[in-house]
Amino acid sequence: MAFYDPFARSVTRRGLLGQFGTASAALISARSWAAATTSLPLPGGPTERALTKDFPEKGEMILQRTRPPLLETPFDIFDKGVFTPNDRFFVRWHWAVIPTDVNVDTFRLTVHGTVNAPLSLSLSDVMSLPRVQLAAVNQCSGNSRGFFQPRVAGGEWANGAMGNAKWMGVRLKDVLDRAGVKAGAQRVRFAGQDDPVVDGAPKFMKSIDIDHARDGEVMIAYAMNGAQLPLVNGFPLRLVVPGWYSTYWVKMLSSIEVLDGPDDNYWTKTAYTIPDTPGANMKPGEANVKMVPINRMVPRSFVTNLRDGTTVHAGADTPVRGIAFGGSTGVKTVEVSTDGAMSWRPAELGADEGKYGFRQWSTRLTPAAGDMTVMARCTNTDGLVQPATPNWNSSGFMRNVIETTHLRVI
Amino acid sequence: MPMVLGKGAAVGAVAANLALAFAGGSEAVAQAPSPAIGLTLKSISVELPSSDRMFPAGPGSEAVNNNCLACHSAGMVLNQPALTKAAWSAEVHKMITVYKAPVSDEDAAAIVAYLTRLKGSSSPHP
């Protein structure tokens, strides 16, 4: 590859090693680009994406970016059940220096900062703590960003930057208690083993309030869906922050730092902020909007068995099903409208696998002649309902508008 | 129920008894019910694919290829929608000021011009 590298003087050696790789890596990427493609219905495009099977421990994924990896779950996966298989679970990394060798005997998780006894825990140490598990949706802050209008820069996801798993691990609270949190602690900050390519760039870190960290629900997971995490999903340890966006779910978790003041790091304070308004909504171009760190998720629902543009038959009994989640709490109702949101009727809810997870819903329709729309609307147990009009903000965060599926009736 | 666990017999594996039966219902976090079965964490060594995709040739493509691909592959940029010159300028300067990409002023201007030509939008927003 005739390619002049302008960073040779200023980037780290490991960054360069990870950069262009070897001849075999080049072959891998060539194969990936020659693979099948799919089309995402993003307004204004581009709509075409490669499908790739080239990532370790992953099945076929929608390739949004090779390096650092951004891989989207093909949407038909969500029709197969409420738990997203590990090998199809979406992937999102910020920085390209990602360890590709993890030794379970030498891996250490450190707990430090405003604590009585700093810890360096082996995986055996972590796994010896009381075990907990829960189902929870892990959703990128920018899931569905590609549907924003006007369009905004960022990972141009359709709706597949989300997944639901049974997470198993230990309570963050138990780990913090073992270190002994000192009086005056305010935040707990998390970092993984990934690093920026360029020296001086901000390492990816996120923090949450000390009370949140000790709520007994935030966990350090060592298994998802009964197996160890795929490396690109955060092996060996990943923070799980139920009900909160994925940006807080730090992968390859290796550092827990208790802070006695606010967290001024870029990734918490500046990046991943939303307008402090209902629905994180603002007008395009609006100035002087107060911004706050993104936090709890909001309800969403999707039809999964009928794609937009599907043909159905007039007078035929037609099953319609999908998934919903309540965001920061459980699903109360899912309702369906076939008259453009004039009237709604409840769908039947499937098994409750835990309030933070996906919930399947189903109903039956008998289409009349003419084109038809199916809208699904989730209300969570706090009474929060999906909005009829899409939100907008300059980062493309927190989309949760009521989705509409258009059907052709013949 | 806390369990004290030693390292697995095999080097490169850490074992714990894990219950794969899942506690359903609305309780958010539940102790794992019995029966428990073993799960062993295994060391892993993988290779992540790289990309040799380049930006389409044109005025400024050399500046883009030389400055941008060290940190990220081209696909992310090529998947972007049409954006205004101001939006492209903001993106490029975020890479420089926040993410510390060492890009000269001259190259930064060439990159903004290239991206605006490749994926420009005249709409006022964003």
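Bear in mind these aren't lab numbers, they're just calculated from the coordinates by the rules spelled out. All of these numbers come straight from a predicted model, not from anything done at the bench. Cβ sites come from the backbone with ideal geometry, for glycine too, and all protein chains shown count toward neighbours.
Under 12 Å from the Cβ of B:Lys42, count the other residues' Cβ atoms, weight Lys and Arg +1, Asp and Glu -1, and hand me the total.
Working: positive: none; negative: A:Glu57, A:Asp105.
Every neighbour counted, the sum reads -2.
Stretch A:Glu48-A:Lys182 to full length: gain in nm at 0.36 nm per residue minus the Cα-Cα span?
Numbers: separation 134, 0.36 × 134 = 48.24 nm, distance 5.23 nm.
Full-extension gain reported as 43.0 nm.
Please compute the average number of Cβ atoms from other chains found within 10 Å of each residue's Cβ in peptide A:99-106. Walk me through the intermediate numbers first.
Numbers: counts 3, 5, 4, 6, 5, 12, 8, 2.
For peptide A:99-106, the averaged partner shielding equals 6.
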R0 of 45 Å, Cβ-Cβ distance A:Ala368-B:Glu62: FRET efficiency to nearest 0.05: 0.15
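Highest first, please rank the peptides A:312-320, A:188-196, A:271-279 by the mean number of other Cβ atoms sitting within 10 Å of their residues. Before the final figure, lay out each step's value.
Values: A:312-320: 13.6, A:188-196: 21.8, A:271-279: 17.6.
Most protected by this proxy first, the peptides run A:188-196, A:271-279, A:312-320.
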Cross-link reach list, lysines versus B:Lys42, counting only Cα pairs under 29 Å and skipping chain neighbours closer than eight places: A:Lys53, A:Lys58, A:Lys80, A:Lys166, A:Lys173, A:Lys203, A:Lys206, A:Lys251, B:Lys7
Number of partner chain Cβ atoms within 10 Å, mean per residue of A:60-70: 5
Normalised contact order of the range A:109-293, rounded percent, pairs of Cα under 8 Å and 6 or more residues apart: 25
Cα-based reach from B:Lys85 at 23 Å (exclusive), listing lysines while leaving out same-chain residues under 8 positions away: A:Lys283, B:Lys94, B:Lys100, B:Lys119
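Pulled fully out, how much extra length does the chain show between A:Thr389 and A:Asn288, if you take 0.36 nm times their separation in residues and subtract their Cα-Cα distance?
Numbers: separation 101, 0.36 × 101 = 36.36 nm, distance 2.29 nm.
My answer for the length gained is 34.1 nm.
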For the range A:194-276: rounded, prolate or oblate by the Cα gyration tensor [a/c cutoff 1.5]: oblate
Long-range amide H partners of A:Trp344 with built H, under 5 Å: none
Anisotropy class of the range B:61-119 from Cα gyration tensor, a/c 1.5 cut: rounded
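I'd like the mean, over residues of A:122-128, of how many other protein chain beta carbons sit within 10 Å of each residue's own Cβ. Walk me through the numbers before you get to the answer.
Details: counts 2, 7, 9, 3, 4, 9, 6.
The shielding value for this peptide is 6.
Looking at the square roots a ≥ b ≥ c of the eigenvalues of the Cα gyration tensor of the range A:359-410, which shape do they give, rounded for a/c under 1.5, prolate if a/b is larger than b/c, or oblate?
Details: a/c = 3.28, a/b = 1.61, b/c = 2.03.
Here the range A:359-410 falls in the oblate category.
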Chain A - percent relative contact order, Cα under 8 Å, separation 6 or more: 15
